[in-house]
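Enquirer: A single structure is presented below for examination.
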Amino acid sequence: MYEFKELYTIDFSNVKYYMEIHPIIKEALDFPDYYGGNLDALWDCLTDMVGRPVRIEIIGLEVIERKFGDYAEKLVDTFRDLKHYDNDTYANEIQIEIVSGDTRVSLR
């Protein structure tokens, strides 16, 4: 559970089905087996990672946007909220980037 990595990469590039989203997140972020596979569980596990530097890159988000509409926005909002967890106490330790082609956008 929560093996420390300098960089966690979540790659949605090959997602075909909605039910693939959370297993990809679970594997990429090394979440525990009890990870519930929903946005509330994502939030709970993400906040467990806080307290040390966390760098996450999200690849293929456009696939989720195209196939599953506003669910991509909800995912991004959850990751963006992590940047501001505990009144921005850890904002400098948390870096989350959305990668699309050669473009990188850091969540603020």
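The values are calculated or read from the model by the stated rules, or taken from the named source; none is laboratory data. This one's a predicted model, so the numbers in the text were calculated from it and none came from an experiment. Every residue, glycine as well, gets a Cβ built from its backbone with ideal geometry; the counts of neighbours run over all protein chains shown. Please note that ligands, DNA and RNA were not included when accessible areas were found on the heavy atoms of the full protein model with its side chains. Shrake-Rupley method; radii C 1.70, N 1.55, O 1.52, S 1.80 Å.
Enquirer: Calculate, in nm to one decimal, what GLU6 and ALA41 gain on full extension: separation in residues at 0.36 nm each, minus their alpha carbon distance.
Expert: On the way: separation 35, 0.36 × 35 = 12.60 nm, distance 2.25 nm.
Stretched out fully, the GLU6 to ALA41 stretch lengthens by 10.3 nm.
Enquirer: Is segment 59-108 best put as rounded, prolate or oblate by its Cα gyration tensor, with a ≥ b ≥ c the root eigenvalues, rounded for a/c under 1.5, and otherwise prolate when a/b is larger than b/c, oblate when not?
Expert: Details: a/c = 4.37, a/b = 1.61, b/c = 2.71.
It is oblate, given that a/c is not under 1.5 and a/b is not larger than b/c.
Enquirer: Can you sort LYS67, LYS16, LYS26 by solvent-accessible area, 1.4 Å probe, largest first? Provide the component values of the computation, followed by the final result.
Expert: On the way: LYS67 95, LYS16 130, LYS26 60 Å².
Descending order: LYS16, LYS67, LYS26.
Enquirer: For the chain, which GluC sites (Glu not before Pro) are both in a DSSP coil and crowded by at most 12 other Cβ atoms within 10 Å? If you can, show how the numbers build up before the last one.
Expert: On the way: sites: GLU3, GLU6, GLU20, GLU27, GLU57, GLU62, GLU65, GLU73, GLU93, GLU97; in loops: GLU3, GLU6.
Here the GluC sites (Glu not before Pro) that fit, given the DSSP loop and packing criteria, are GLU3, GLU6.
Enquirer: Among PHE4, SER106, TYR85, which residue has its Cα furthest toward the positive end of the charge dipole of the chain, with +1 on Lys/Arg Cβ and -1 on Asp/Glu Cβ?
Expert: Towards the positive end, the residue furthest out is SER106.
Enquirer: Tell me, in nm to one decimal, what length is gained between ARG108 and GLU93 on full extension, where the rule is 0.36 nm per residue of separation less the Cα-Cα distance? Please report the intermediate quantities before stating the final value.
Expert: Numbers: separation 15, 0.36 × 15 = 5.40 nm, distance 1.24 nm.
Length gained between ARG108 and GLU93: 4.2 nm.
Enquirer: Using modelled backbone amide H atoms (1.01 Å from N, in-plane), which distant-in-sequence or interchain residues come within less than 5 Å of GLU57's amide H?
Expert: Under 5 Å from the amide H of GLU57 lie the amide H atoms of TYR8, THR9, ILE10, GLU97, each far enough along the sequence or on another chain.
Enquirer: Which of the peptides 31-37, 74-80 is most tightly packed, and how do the rest follow, going by the mean number of other Cβ atoms within 10 Å of each residue? Walk me through the numbers before you get to the answer.
Expert: Numbers: 31-37: 13.3, 74-80: 16.1.
So the peptides 31-37, 74-80, ranked by packing, come out 74-80, 31-37.
Enquirer: When the C-alpha atoms of the chain are aligned to their principal axes, what extent does each axis show, in angstrom, from largest down?
Expert: 35, 33, 23
Enquirer: Suppose every Lys and Arg Cβ carries +1 and every Asp and Glu Cβ carries -1, with no other charges. What dipole size does the chain come out with about its Cα centre, to the nearest 20 debye? Please list the in-between numbers first.
Expert: Numbers: 12 positive and 22 negative charges, 47 e Å.
Taking the Cα centre of the chain as origin, the dipole is about 220 debye.
Enquirer: ILE94's amide H: which non-local residues (gap 5+, or another chain) put their own amide H closer than 5 Å, with H modeled 1.01 Å from N in plane and none for Pro or chain starts?
Expert: VAL54
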